[in-house]
Amino acid sequence: MKKAFFTIIAVFSFLLISCDEESIINDVIDSKITAKEKLNEVLQKARTDFAADAQLSAIYGREVDLNGEIDLLNTTSLNAFVYIVQSDQLNGNEFYIPVFGGSPVESPINFTTMLSFIKDSTASEKMGDVLGVLSTISIDSNAVYGDSPSAVTMALSNGGSVFMSQNTGSKIDMFLVPGKSIDTTLTVSNTADWIVNFYSSDKSLVLWIKGSEVITISGN
């Protein structure tokens, strides 16, 4: 027993000597998340305190970084993933955000505040139509869609990088919504698409990531 104990101590000491202290801390305390990482926790929480039939209706990413992530410990900006869940029983929605080291909590950000962050009038009108139907539409649990990093990567390579280089201090917001809420002609309703919004104080570029296709909703 003593031999095993000293072996463990020796291995741990070797790791401390061999690795940078900051990298060890970062590995243990990783506060950055993608959109899909906390989804199961949110649904579990929603089915407990909102509705037993709660399903994901949309995800709103506020001020995500270039990797499509947000930092749960960042208090200097409004970055957050807001999870919108939908209940057929209640015919309504509830909003949740993940918190570092704890269960998800109800979010102060709702549809009204989301729309207020969209500066472009064309995109705001489009997203208003989309958000208006989310009390009755959810994303099928079997739907296949990329996580936030892949969506941001596609958006950056289709005009986003140019927009950010030309507009200092620009930011990125994004929405994951049911494909049916954007395109009502769809015969298959269990798809999910990303809307990525690049914006500065007076300009914006809004892209629709539709599978492998990227469609410009608006830009100025």
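None of the figures in this text is laboratory data; all of them are computed from the coordinates on show. Nothing here was measured: the structure is a model prediction, and the numbers come from that model. Cβ placement follows ideal geometry from the backbone for every residue including glycine, while neighbour counts extend to all protein chains displayed.
From the P(r) of the range 61-208, could you give the percentage of C-alpha pairs in the tail past 24 Å? Kindly include the intermediate steps, with their values, before the conclusion.
Details: 3393 of 10878 pairs.
For the range 61-208, the share of Cα pairs beyond 24 Å comes to 31 percent.
With the crude spin-label approximation of a point 7 Å out along Cα→Cβ, what separation in nm comes out for residue 121 versus residue 203?
So the two model labels end up 2.0 nm from each other.
Which residues does a label at residue 37 reach in the range 45-83, if reach means a backbone N under 15 Å from a point 7 Å past the Cα toward the Cβ?
Residues 61-62, 64-75, 79-82 qualify, since their backbone N sits under 15 Å from the label point.
Taking a virtual spin label 7 Å from the Cα of residue 67 along the C-beta vector, which residues in the range 142-173 bring their backbone nitrogen under 13 Å of it?
Residues 149-150 qualify, since their backbone N sits under 13 Å from the label point.
Could you list, in their original order, any pairs among 38/119; 126/210; 36/180; 171/210; 126/180 whose Cα atoms are separated by more than 18 Å?
Numbers: 38/119 28 Å; 126/210 15 Å; 36/180 20 Å; 171/210 21 Å; 126/180 13 Å.
Over 18 Å Cα-Cα: 38/119; 36/180; 171/210.
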